[in-house]
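Below is one structure, written out as structure tokens; the observations come after it.
Each value in this text was obtained by applying a stated rule to the coordinates, not by laboratory testing. Model, not experiment: these values are computed from the prediction. Here Cβ is always computed from backbone atoms with ideal geometry, including for glycine, and neighbour counts include all displayed protein chains.
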Amino acid sequence: MAGEILVNSEAYENLTMLCDRFGSRFFATQQEKDGAEFLASRLRAYGLQNVRLEPYTDFGWVDGRLTKLWNWKRETASLELLKPVTQQFSCVSLTYAPSTPSEGITAEIFNLERGNRTYLLANKKEIKGKLVLDGNYTKVTETAFMRSDPTDLYLPTLYGYLAQFGAAGLICTNRNYGGIPITGPARWGQMGEIPACGISKETSRFILRQMTKTPAMGKLNVKNTYAEGATSYNVIADLPGHTHPEEIILVGGHFDGFDISVGAMDDAAGACVVLEAARAVAKHAPALKRTIRFCCFSGEEVGLNGSTGYVINHSHELDKIRLMINTDSAGISAKTGHGYEVCGPEELIPYLEGVLKEIGTFDREWEMPRVAREVVPEWDHWAFYMRGIPTAHFRDLPTDPIDWLYSHTTVDTVDKVNVKGIKDAAAILALTLMRMADEDEIPVKHTPSQKILSYLEENGIAEDLRVEKRWRRELSS
């Protein structure tokens, strides 16, 4: 099976087609639906069954009722420094940030020196009414969307606090040089309360230099269009099992990108790893004891919308899913290894280690896939984890810095994805899936919801989700 992928792989060809022909595939756009149709056509060609585009419209549960998703489209954005010098800057709106008044917002700029909850709460009064610049609190090797310090808040959590504290707006900094403004989600699948934009690191450094001796004034002007009510589509296909067809191993990666780029690394590559694994495993379909379901999720970048939509649409059969594997950012690089980050339960760690030990080293002596533990609510496996399903994130591990240099910017393009890396990832994933599907019994069980909720409360994750306005969106009660 590994040889089939390494010699006859279609992964890079599919990646190129998906990005070059269908653009960003941004949430709830025609590009996204056309891209979904392309993915479905490839899965049918590979011999998978019950291939379909499955629509969803719900954000999730809020105060006991299902709420709808929002459409959002960027128009224009500009940022100007007014004092102590005058300077115009290039910027882009964060997704799901609202427009400013037509005349823009003029306010003093406040620089965040730290990105943690304690610092924000201590500076609550100073933040009110200011344009807040997250200028210098995280390491330069990370983007604003990955927490290099465990106490740093994820962007939507930071945004949530700033909205609570009455900030005039947020100016989000790219953590890497190159003159590239960065985007990201303000709110998840819902409209935000305050305008927000992304700028380059060089722009941020310029503003900070002006603030060393005197307060700085800035003007932010953003125009976006948005309305409640959006329909998007996941791509789903099955290889039915022959001994335990009712038991499902679900593997999925999101195929959407931000609207400013083609999103090749994040995450067309991960979606094409899913396709390539499906192609290889399909050749051995008669040997499968249990069903493998292959999914390409939409709407991840703006709120984990596709995976949450799947969980809502399939709530009646989630007990059939024995394991969920997410492939976001898999197969980008050939410089590092690959591995699984387990969200939960902990018993999944030794089980995966045993499976990978049987697979053995792959291609290089040090390319033994590894297993780690990470419970973070920013990936497509989260909705499944919240419903008690064992979940793991398969990706480049350790992370190659290139994974974060260009993510969420205009230069997340096909040429950044390594041909060998995407093949290696697909081969490891396919071998893992075959091994699991052939088990007499998968020993890892579902976790009771109350145990998960208690864990999240005890570790501060519940508070982050409340601030982000998505606490328990996956749960009807």
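When GLY178, GLY257 are checked against the criterion of being crowded, with 24+ Cβ neighbours inside 10 Å and in a loop (DSSP other than H, G, I, E, B), GLY257 stands alone in meeting it. Does the stretch 414-423 contain any residue that is surrounded by 20 or more Cβ atoms within 10 Å (Cβ to Cβ) and assigned to a loop (DSSP other than H, G, I, E, B)? So far as the stretch 414-423 goes, yes, one or more of its residues are surrounded by 20 or more Cβ atoms within 10 Å (Cβ to Cβ) and assigned to a loop (DSSP other than H, G, I, E, B). Taken over the stretch 329-348, the residue count meeting the criterion of being in contact with a Phe, Trp or Tyr (Cβ under 7 Å, 6 or more places away or on another chain), part of a loop (DSSP other than H, G, I, E, B) and surrounded by 24 or more Cβ atoms within 10 Å (Cβ to Cβ) is 1.
Of the residues making up the stretch 365-409, those that are in a loop (DSSP other than H, G, I, E, B), under 21 Å from VAL92 (Cβ atoms) and out of contact with any Phe, Trp or Tyr (no Cβ under 9 Å at 6 or more places or on another chain) number 1. Within the stretch 114-132, can you find the residues that are out of contact with any helix residue (DSSP H, G or I) (no Cβ under 7 Å at 6 or more places or on another chain) and either of a type outside the set (Ser, Thr, Tyr) or buried (at least 18 other Cβ atoms within 10 Å of the Cβ) (or both)? Across the stretch 114-132, the qualifying residues are ARG114, ASN116, ARG117, LEU121, ALA122, ASN123, LYS125, GLU126, GLY129, LYS130, LEU131. For ASP319, are the conditions met, namely being in a helix (DSSP H, G or I), within 20 Å of LEU15 (Cα to Cα), touching a residue at least 24 places away in the same chain (Cβ under 8 Å) and charged (D, E, K, R)? Considered against the rule, which asks whether it is in a helix (DSSP H, G or I), within 20 Å of LEU15 (Cα to Cα), touching a residue at least 24 places away in the same chain (Cβ under 8 Å) and charged (D, E, K, R), ASP319 comes out as no. Considering only residues that are over 22 Å from the mean Cα position of the chain (by Cα) and not hydrophobic (A, V, I, L, M, F, W, C), look in the stretch 159-192 and name the one that is nearest to ALA383 (Cα to Cα). Filtering first and then ranking leaves GLN164. The set of residues in the stretch 58-77 being in a loop (DSSP other than H, G, I, E, B) and surrounded by fewer than 17 Cβ atoms within 10 Å (Cβ to Cβ) consists of ASP63, GLY64. All told, GLU80 meets the bar of being more than 23 Å from the chain's Cα centre (by Cα), within 27 Å of ILE260 (Cα to Cα) and surrounded by 16 or more Cβ atoms within 10 Å (Cβ to Cβ).
Table: residues versus (1) of a type outside the set (S, T, N, Q); (2) at negative phi; (3) surrounded by 21 or more Cβ atoms within 10 Å (Cβ to Cβ); (4) in contact with a Leu (Cβ under 7 Å, 6 or more places away or on another chain).
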| site | (1), (2), (3), (4) |
| --- | --- |
| LEU155 | yes, yes, yes, no |
| GLU193 | yes, yes, no, no |
| LYS201 | yes, yes, no, no |
| ASN221 | no, yes, no, no |
| VAL235 | yes, yes, yes, yes |
| THR243 | no, yes, no, no |
| GLU246 | yes, yes, no, no |
| VAL262 | yes, yes, yes, no |
| MET265 | yes, yes, yes, no |
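Only one of the numbered conditions (1) within 24 Å of HIS338 (Cβ to Cβ); (2) in contact with a strand residue (DSSP E or B) (Cβ under 8 Å, 6 or more places away or on another chain); (3) buried (at least 22 other Cβ atoms within 10 Å of the Cβ) is violated by ALA282, and that is (3).
Examine the stretch 40-50 for a residue that is in a helix (DSSP H, G or I), in contact with a helix residue (DSSP H, G or I) (Cβ under 8 Å, 6 or more places away or on another chain) and without any contact (Cβ under 8 Å) to a residue 24 or more places away in the chain, and state whether such a residue exists. No.
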